[in-house]
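Undergrad: I am attaching a structure below and will ask some questions about it afterwards.
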Amino acid sequence: MIEVCTREVLRYLGYKKRNTATPEVLADVDSCLQELRQAAAPRDIYRIFPCQVDTQAVSVMLPCATFKSRNLARHLAGCQEAVLFAATLGSGVDILIHRYSQLQISRAVILQACAAAMVEAFCDARQAEILSALPQRRYARPRFSPGYGDFALENQKTFTAILETSKRIGLTLTEGDLMAPTKSVTAIIGLDENPTRAGGNPCVECSLAHCAYRRLEER
């Protein structure tokens, strides 16, 4: 079972603090999470590659692809390896949310937030398992996805082709490079021997300082 933090769901709903949510909202969140767990069929695929980062040429080079992005190169500087990763909650989640969008829009909104938090929680859990399975200890940088900063969304095509996501986990792209099922993630995860830049708040790397969903620094 995927453990989902209620605080994360509330963040997606726009609440800055848990204690500002009413008991009714918290009960609805719990109910939606239970229903989502029945509908979700989480799957993932990943491959690990050696990587070279050139911060001057703003490029990240893998044996199978080269990505041009100043933000990505800065994010992965110092990494010797990188994980190409994709995950999805499956089409059942989209079907459930669509059904409620026709019947009860308020519940559909909460389901959207719950599903967003759930797919991230699934990615966190799988990332931890990937790290624990490595023969040598490595520290992971926060996931960095196409669409972040200047890392173009069209790089989704490269991710899905290399990982064969359509065949392996049922993840495809629309003509606009959006993912289907919608509650899916593609990301590159830098692996570093040095723990200095590992973990942390992924929103620190994002230039959208006033994003409503931005994670606040822990106090």
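The values are calculated or read from the model by the stated rules, or taken from the named source; none is laboratory data. For clarity, every value in this text was computed on a predicted model and none was experimentally measured. Heads up, the Cβs are rebuilt from the backbone with ideal geometry, glycines too, and the neighbour counts pull from every protein chain shown.
Undergrad: Having 2 or more residues that are surrounded by 14 or more Cβ atoms within 10 Å (Cβ to Cβ), over 21 Å from the mean Cα position of the chain (by Cα) and not basic (Lys, Arg) is the bar; report the strands (runs of 3 or more DSSP E) wholly within the stretch 17-108 that clear it. First the steps, then the outcome.
TA: Working: elements: 43-50, 52-54, 59-62, 65-68, 81-88.
Per the criteria, 52-54, 59-62.
Undergrad: From the set of residues in the stretch 162-196 that are among the hydrophobic types (A, V, I, L, M, F, W, C) and outside any strand (DSSP E or B), which is surrounded by the most Cβ atoms within 10 Å (Cβ to Cβ)? Quick ask: steps written out before the conclusion?
TA: Within the stretch 162-196, the first condition is being among the hydrophobic types (A, V, I, L, M, F, W, C), and the residues that meet it are 162-163, 169, 171, 173, 178-180, 185, 187-189, 191.
Among the residues that remain, those that are also outside any strand (DSSP E or B) are: 162-163, 169, 171, 178.
Details: Ile162: 16, Leu163: 20, Ile169: 21, Leu171: 27, Leu178: 13.
It comes out as Leu171.
Undergrad: Do we have Arg214 as modelled with pLDDT under 95 and buried (at least 20 other Cβ atoms within 10 Å of the Cβ) here? Give the derivation first.
TA: Values: modelled with pLDDT under 95: yes; buried (at least 20 other Cβ atoms within 10 Å of the Cβ): no.
Criteria not met by Arg214.
Undergrad: In the stretch 113-142, what count of residues is obtained for those that are outside any helix (DSSP H, G or I) and small (Gly, Ala, Ser)?
TA: Our first condition is that a residue be outside any helix (DSSP H, G or I); within the stretch 113-142, this holds for 134-142.
Next, from what is left, pick out any that are small (Gly, Ala, Ser): 140.
The qualifying residues number 1.
Undergrad: List pairs: first in the stretch 86-101 and modelled with pLDDT of 95 or more, second acidic (Asp, Glu) and outside any helix (DSSP H, G or I), Cβ under 8 Å, 6+ apart or cross-chain?
TA: From residues that are modelled with pLDDT of 95 or more, the pairs are Ala86/Asp44; Ala87/Asp44; Thr88/Asp44.
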